[in-house]
Every structure is written in structure tokens, then in C-alpha cells.
Amino acid sequence: MKIAIGNDHVAVDMKNEIKAYLESKGHEVINVGTDSSERFNYPVSGYKVAKMVVNGEVDRGVLICGTGVGISLSANKVHGIRACVCSEPYTAKLSKQHNNTNIIAFGSRVIGIETAKMIVDEWLAAEYEGGRHQTRVDMIAEIEETQHLKAAEE
Ligand code: RB5
């Protein structure tokens, strides 16, 4: 798979380790995060990876900041992104099977590198199940498409 990876200044080491790990598994990884420990605002990376995913430049995205929260929130503001922050592999796997997530996020201050590897393994191996889940994923997209119109009506 072709995967974009992004991070902020507190997640440089984990980003490098996950990038190398994914490459060792045969994936092509495009790094758009910072490689410096200088303060770096996570929305920059979250947005870059999100745009690459929705534009079809990559198949999936991986985002890492201190908690995974800020960077996933940033990505989720881009139409078509379903980014999930998680700290264990079960949620990562189910987020693909049921929610068809296209970005996974986690926190370098929250989990260790081995858990991070398990998360990406489970998430990349999982397949979206569609079916009843598609109705709900479509409803999420509908909120995205119409909420500004509905807000104007209220
Ligand atoms: C940076 O200090 C920290 O706020 C960031 O890495 C992340 O945890 C935000 O959600």
C-alpha cells in the first residue's frame, strides 16, 4: 500500500520507527511530517495527510502527535476523512471493518512502539465490511455535506 505519514515535534521518533516498520512490510511510505524537535503545529501534518488521502495520492494515512487527538481532529475536518485515534489494536481493526477509516492516529506519549506496530498491522490487514455499516458511513457523509445548510435553517 501507499501510505502517507504525518506527525508533530513530539512524535518524530515514533514516526521514524513506524515508517521503517511499514517499509519493512513492503509498503511505500511518504513522510509529510516534521523531522525536527522544534515546535510544530500538528494541524499542518493532519491536513497534509488528509488531503493526500482524499485526493487519492495515497491509499491510507497514519498520524502521530502526543495523544493523537489534535492531529486526528484536524484530519477529520477534511471532507471524506474518517480518522480514528486509538490506543489499542481492537479499535483500530474495528474502525476499518465497521467505519471504513482511511486514517489511523495514535499518541507517542500514550502508547509504546510495540503497541503502535500492532495497531498499524491490525488496521492495514482489516477489510471494510460494508453492508449495514455503509448506511451509517453514508449518514456520517450526509452530516458532513448538509450540516452547514441545516445550521442555517435553525
Ligand atoms: C504538543 O504539546 C501536543 O499538544 C500534541 O502533540 C498533541 O498531543 C495534541 O493533541
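Quick note: the coordinates plus some simple rules give every number you see, no bench work behind them. Only a predicted model underlies this, so the values are computations on that prediction, with no experimental measurement involved. So basically every Cβ, Gly included, is an ideal-geometry build from the backbone, and we count neighbours across all protein chains shown.
Taken across region 87-102, residues that are out of contact with any Cys (no Cβ under 7 Å at 6 or more places or on another chain) and within 13 Å of the ligand (Cβ to nearest atom) do occur, with at least one present. Cβ separations smaller than 9 Å between residues 6+ apart or across chains give the following pairs from region 82-99 residues that are of a type in the set (Asp, Glu) to residues that are part of a helix (DSSP H, G or I): 88/115; 88/118; 88/119.
Within region 89-129, being over 14 Å from the mean Cα position of the chain (by Cα) and among the acidic types (Asp, Glu) holds for 114, 127, 129.
Of all the residues in region 54-66, those that are surrounded by fewer than 20 Cβ atoms within 10 Å (Cβ to Cβ) and either within 20 Å of residue 14 (Cα to Cα) or out of contact with any Lys or Arg (no Cβ under 6 Å at 6 or more places or on another chain) (or both) number 5.
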